[in-house]
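To keep things clear, I will list the structure first and then write my remarks on it.
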Amino acid sequence: MNPRSIKKYYRSLDPFMSASELNKLKPWPEIFGRIAPLELEIGFGNGEYLHRKSLEEPHHDFVGLEISWPSIKRALRRLGNPKRDNVRLICLHAEPALSFYFAPSSIKIARCLFPVPWPREKNTPKRLFSRSFLDLLASRIQADGYFHLVTDEKGLAQWTLSESLSSNLPLELTECEAQLDTKYERKWEGMGQKIFYHLKGSPKTIHFLERTPKVLMQPLYINSLDPKSYNPKGITGDICVLFRGLTFDGEKGEALLNTKVVEGSYIQEFYIRFSLQADGRWKLYPSLSNQVFPTEGVQKALILAATVNDL
């Protein structure tokens, strides 16, 4: 890539943490090189609020979570001018990130500004802030810390409030005028919205949900792959695995198996990649492994995909 393009689009990749860096599981004070209050923003969008707060609070450290690479690129551009050492960005869903990469009582402030509301009833399961997720979040927030959610959608605010009251992170709902100066707040205000919904609360009790243990993904191999007869079977139970079709490219020696893994409330959808090796065997591994959380269910899916043939 042209060095000028890198400068134009990113300025610096330093704040972004790769999968290999994350998997070292270092404590955040060790990553930042100091002990400081830690703030987490879930779904930072274009990064403008994270950019502004990290400059206003140089004595705090900040972690931003996003699953959109275009959003990460926009945030990197902002964070590069001026450069600073108190921000890290992760491309990962919030539930595995909190389960795996944040120790109990390690976060001073967690916030989410204008999440996707999923307003239709059929899409309610896609909403992030369920009781179980709020319990997980509460276990990561310090006793004197808090969580703050802001939305323009009254239905989402009321649903989240209801979920929180039976969780370990009870929230209080207030109605406020625009005050954050973010992209979506300006957008809705410009369309005539005057009231926004703020939910805020602290952990009710201190309880420790230990970090999810890392599952080492073992590479698996099969001796042959016939796309016409290949038909792996999924499973149901505490771990559910569903296979939804194989895409095969014989010329390139590659195939992709559409896979869905459900473990409790956590759902991962990804592709298992088959790659033809020099010795004639096919190697199985998660495609885009940096976006797949290494759980027992993912390893089980790999095993199921491999045992359809003789190993």
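Read-outs: derived from the displayed coordinates by stated rules, not from any lab. These figures come from a predicted structure and were not determined experimentally. Heads up, the Cβs are rebuilt from the backbone with ideal geometry, glycines too, and the neighbour counts pull from every protein chain shown.
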Exercise. What residues qualify as long-range amide H neighbours of Leu40, i.e. H under 5 Å apart, gap of 5 or more or another chain, H built at 1.01 Å from N?
Worked result: Val63, Ile109, Ala110, Arg111
Exercise. Could you put Glu121, Glu269 in order, starting from the residue whose Cβ has the fewest other Cβ atoms within 10 Å?
Worked result: Glu121, Glu269
Problem set entry | Cut-off 9 Å between beta-carbons: net charge of the residues surrounding Val63, Lys and Arg +1, Asp and Glu -1 | -2
Seminar exercise, completed: Note on the range 220-306: C-alpha Rg/Rh, Kirkwood Rh, two decimals, gives 0.96
Problem set entry | Length released on extending from Lys260 to Ile235, taking residue separation times 0.36 nm less the Cα-Cα span | 7.9 nm
Exercise. Which of rounded, prolate, oblate describes the range 3-201, given a ≥ b ≥ c as roots of the alpha-carbon gyration tensor eigenvalues and a/c under 1.5 marking rounded, otherwise prolate only if a/b is larger than b/c?
Worked result: oblate
Exercise. Working out 0.36 nm times the residue gap between Leu242 and Lys183, then minus their Cα-Cα distance, what length gain in nm do you get to one decimal?
Worked result: 17.4 nm
Exercise. So, with +1 on the Cβ of K and R and -1 on the Cβ of D and E, and no other charges, what is the size of the charge dipole of the chain about its Cα centre, to the nearest 20 debye?
Worked result: 780
Exercise. Once every DSSP H run of n ≥ 4 in the chain is given -39500 (n - 2.57) and the sum is divided by its residues, what mean residue ellipticity at 222 nm do you get, rounded to the nearest 500 deg cm²/dmol?
Worked result: -7500 deg cm²/dmol
Exercise. Asp226 to Glu296: FRET efficiency via 1/(1 + (r/R0)^6), r the Cβ-Cβ distance, R0 25 Å, to the nearest 0.05?
Worked result: 0.30
Seminar exercise, completed: Counting only DSSP beta bridges with both partners in the chain, the antiparallel fraction in percent, to the nearest 5, comes to 65
Exercise. Most mobile of Ser162, Ser224, Ser68 per a Gaussian network model of the chain (Cα springs, under 10 Å)?
Worked result: Ser224
For this session: Just order 270-280, 45-55, 172-182 by mean Cβ neighbour count inside 10 Å, highest at the front, would you?
Result: 45-55, 270-280, 172-182
Seminar exercise, completed: The set of residues whose placed amide H lies less than 5 Å from the amide H of Gly253, leaving out same-chain residues fewer than 5 positions away, is none
For this session: Determine, for Ser167, Ser287, the number of other Cβ atoms within 10 Å of each Cβ, and report the residues in order from fewest to most.
Result: Ser287, Ser167
Problem set entry | Chain lengthening between Leu55 and Ser275 when straightened (0.36 nm per residue, less Cα-Cα) | 74.6 nm
